[in-house]
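Here's the structure, in structure tokens; my notes come after.
A short reminder: the numbers here are calculations on the coordinates, not readings from a lab. Owing to the predicted nature of the structure, the values given are computational and were not obtained by experimental measurement. Here Cβ is always computed from backbone atoms with ideal geometry, including for glycine, and neighbour counts include all displayed protein chains.
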Amino acid sequence: MGDRQRRFRDCLGRFATGVTVVTVEHDHGVHGATVGSFTSVSLEPPLVMVSLDRRSRMCDLLPGASSFGVNVLAAHQQDLALHFAGRPLPAGTPVPWDPDAAGPRLAGVAAHLDCVPWAAYDGGDHVLHIGRVRGFTTGDAEPLVFHGGAFRLLDTAPGHHAWAGTLDGPADGAWSSGTAAHHIPLGH
């Protein structure tokens with residue numbers, strides 16, 4: 001990597017992101033990859049995007065998959081982020097899969113989106129994969145955050161929010177704050 005690319009990467013690292021693991025089933029089992037480049041695209045139809053390095057195995061597997069999952073990792077799941085980024089869990093440590101899920105979904109995640117491939121676009125050394133969301137599950141776990149080359153935790157102490165006193169924050173009832181996990185199937 002050249003100096004200019006390294007500086008550009010460092011510049012982009014100033015933007016905090018969530019951490020996801022994209023999962024697919026294929027002929028030889030399940031494959032997952034840690035992906036920080038994830039975003040919502042559209043509410044109607046419900047679309048999301050993941051950006052995958054062209055050289056990655058996931059980039060080859062995803063277009064042929066009938067579906068894929070986006071697992072939004074919880075703050076306590078740094079070990080899974082590293083595992084699916086190529087630093088395996090210690091020998092004998094199982095990956096915690098959700099046994100009740102229809103497809104490969106990690107247990108204990110902050111959220112999960114069940115997607116079908118919608119479109120793929122050239123993104124330079126990456127491919128931008130759009131998925132149509134068929135259903136999603138949310139929980140009450142805090143998300144894992146990545147910023148400046150390191151995992152971070154959200155500051156969730158009361159009164160420390162940017163919207164404190166605006167009458168638009170969660171304490172003012174403007175946001176729903178259910179604590180139970182919810183699975184929402186979406187129509188086709």
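With Rh defined as the Kirkwood radius, the inverse of the mean 1/r over Cα pairs, the Rg/Rh of the stretch 25-112 is 0.94.
Among residues other than Phe151 with Cβ under 14 Å from its Cβ, the summed charge is 0 (Lys and Arg +1, Asp and Glu -1).
What does the net charge come to around Pro96 if you take all other residues with beta carbon closer than 15 Å to its beta carbon, with K and R at +1 and D and E at -1?
-2
Note that the stretch 6-17 has calculated 3J(HN,Hα) couplings of 5, 5, 5, 4, 4, 4, 5, x, 6, 8, 6, 10 Hz, one per residue in order, obtained from phi through the Karplus relation 6.51 cos²θ - 1.76 cosθ + 1.60 (θ = phi - 60°); glycine and proline are x. A simple rule links phi to the HN-Hα coupling: the Karplus curve 6.51 cos²θ - 1.76 cosθ + 1.60 with θ = phi - 60°, which for the stretch 25-38 gives 9, 9, 3, 9, x, 10, 10, x, 9, 6, 9, x, 8, 9 Hz, with x for Gly and Pro.
Taking amide H as placed 1.01 Å from N in the peptide plane, the amide H of Arg134 sits under 5 Å from that of Asp114, Cys115, Val116, each at least 5 places away or on another chain.
Provide the gained length on full extension for the span Val41 to Val116, in nm with one decimal, where the gain is 0.36 nm per separating residue minus the Cα-Cα distance. All intermediate terms of the calculation are to be shown ahead of the outcome.
Details: separation 75, 0.36 × 75 = 27.00 nm, distance 1.42 nm.
Full extension from Val41 to Val116 adds 25.6 nm.
Residues whose amide H falls under 5 Å from that of Trp97, counting only those 5 or more places apart or on a different chain, are Ala107, with hydrogens built in the peptide plane. In this simple spin-label approximation, Asp155 and Val95 carry label points 7 Å from Cα along the Cα→Cβ vector, and these lie 3.6 nm apart. Amide H contacts under 5 Å for His26: His31, restricted to partners 5 or more places along the chain or on a different chain, H placed in the peptide plane at 1.01 Å from N. Remark: the Asp3-Arg55 segment gains 16.6 nm on full extension, using 0.36 nm per residue and subtracting the alpha carbon distance.
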